[in-house]
């Protein structure tokens, strides 16, 4: 018999909320911090944080966000990596925005990539799938495109149109 134990580095991105409470004179009287969620992808965590800021601002709360640390690719290149022209964000339609945002992935903006994503979530290839523009979701900063499956309705959403 033989065994081997491997240790591998894992990068996770945690979105937290820090809330400071102030008196009318502006002096701070309290503070609290809570975890919004943990994500495997930095872009998804950025999107969730941006969405939370937009939601707070819409509710009249002074809100901002910051990002600490860089991905390995960003460290090597020395700058933020923008792949918005080569990728598309997709998320499953869930009962809550947070539940939905937990399923966000970046994929190629092709019908095949959408079908592969849906297959991972139990929707089999060959079903009639369409992607059409819906409108803007300011909570998360997406121009929303609905992914509809014949017989199931809206199952997912993307942040842009398919290409090619």
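Does residue 137 satisfy the condition of being under 14 Å from residue 93 (Cα atoms) and not assigned by TED's automatic domain parsing to the domain that holds residue 58? Yes, satisfied.
Out of segment 153-164, which residues are part of a loop (DSSP other than H, G, I, E, B) and over 15 Å from residue 89 (Cβ atoms)?
The one that is part of a loop (DSSP other than H, G, I, E, B) and over 15 Å from residue 89 (Cβ atoms): 164.
In segment 133-155, the count of residues that are farther than 21 Å from residue 54 by Cα, surrounded by 15 or more Cβ atoms within 10 Å (Cβ to Cβ) and touching a residue at least 60 places away in the same chain (Cβ under 8 Å) is one or more.
Check whether at least one residue in segment 47-60 is modelled with pLDDT of 80 or more, closer than 25 Å to residue 139 by Cβ and part of a loop (DSSP other than H, G, I, E, B), and report yes or no. Yes: segment 47-60 contains one or more residues that are modelled with pLDDT of 80 or more, closer than 25 Å to residue 139 by Cβ and part of a loop (DSSP other than H, G, I, E, B). For segment 86-101, enumerate the residues that are within 11 Å of the chain's Cα centre (by Cα) and surrounded by fewer than 16 Cβ atoms within 10 Å (Cβ to Cβ). Listed by number, the residues that qualify are 98, 99.
Across segment 145-152, not a single residue is classified as assigned to a helix (DSSP H, G or I) and not assigned by TED's automatic domain parsing to the domain that holds residue 42. Condition check for residue 35 on (1) in a loop (DSSP other than H, G, I, E, B); (2) modelled with pLDDT of 85 or more: one failure, at (1).
Determine if segment 21-32 includes at least one residue that is surrounded by fewer than 16 Cβ atoms within 10 Å (Cβ to Cβ) and touching a helix residue (DSSP H, G or I) at 6+ places or on another chain (Cβ under 9 Å). There is no residue in segment 21-32 that is surrounded by fewer than 16 Cβ atoms within 10 Å (Cβ to Cβ) and touching a helix residue (DSSP H, G or I) at 6+ places or on another chain (Cβ under 9 Å).
The values are calculated or read from the model by the stated rules, or taken from the named source; none is laboratory data. Computed from a prediction, not measured in an experiment: that's the story for all the values here. Neighbour counts run over all protein chains shown; Cβ positions are idealised from the backbone, glycine included.
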